[in-house]
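The next block holds one structure in the form of structure tokens; read it before the comments.
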Amino acid sequence: MTGWAWTALALYGFWLLAAFGVRAVLQRRRTGDSGFRGLSGTPGSAPWWAGVLFVVALVGAVAAPIATLAGLSVLIGPAPAVHAVGTTMAALGTLVAQRAMGASWRVGVDQEERTALVSGGPFARVRNPIFTAMAATGLGLALMVPNVLAFAALAALIIAVELQVRVVEEPYLRATHGQSYLAYAARAGRFVPGIGRQQ
């Protein structure tokens, strides 16, 4: 399992650098703004918990392969096909969806900010393709080093995404874009095509 753990660490490091570091630099060059908004909400609120759980998921995704390297047992024995599927999912990441957002890309929400409603590219069929890709990456990493920490990090990520989308982003987008967002939400699925459309 140590080979898969090292691969998971390398892929995750690349993913973090590309998804957050490089993207933030490109965003700043293009717009003069890094796109990072940070934690929102008062401590203990649902938006605050979404941010905290994102941090837990990010840290857990690093801790899981390190724990495997340190001797923490895995829940699934050697299964090269499972690990290979996990590697493929983790490598795909979120880059295509981030690029499609263009200048509207943000990490977090500033309630006073107004950005364009992105509904083209991968957003034409799914309202949150970046979060879908993040979940696929998280699942991929968990399959590469299937230990308790990996699955706890994946669970934290899923809860964080659900809170962020339902409690923070969707209300913000409804308030900001009104009928345009409602029409868009009626035709595009929340995380996968056709599922989670708002009527």
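Coordinate-derived values only; no laboratory data. Bear in mind that the values here come from a model prediction, so they are computed numbers and not experimental data. FYI the Cβ positions are ideal-geometry reconstructions off the backbone, even for glycines, and counts take in every protein chain you see.
Give, in nm to one decimal, the length gained when the segment between LEU75 and TRP6 is fully stretched (0.36 nm per residue of separation minus the Cα-Cα distance).
Once the chain is fully extended between LEU75 and TRP6, it gains 23.1 nm.
Give me the number: length gained by fully extending SER180 to GLU112, i.e. 0.36 nm times residue separation minus the C-alpha to C-alpha distance, one decimal in nm.
Gain in length upon complete extension: 22.6 nm.
Skipping prolines and chain starts, which residues have an amide H placed within reach, meaning under 5 Å, of the one on ARG190, given they are 5 or more residues away or on another chain?
Those lying under 5 Å, H to H, from ARG190 are ARG127, ILE195, GLY196, ARG197.
Using a Förster distance of 22 angstrom, determine the FRET efficiency expected from the C-beta separation of ALA18 and ALA155, and round it to 0.05.
Rounded to the nearest 0.05, the efficiency is 0.35.
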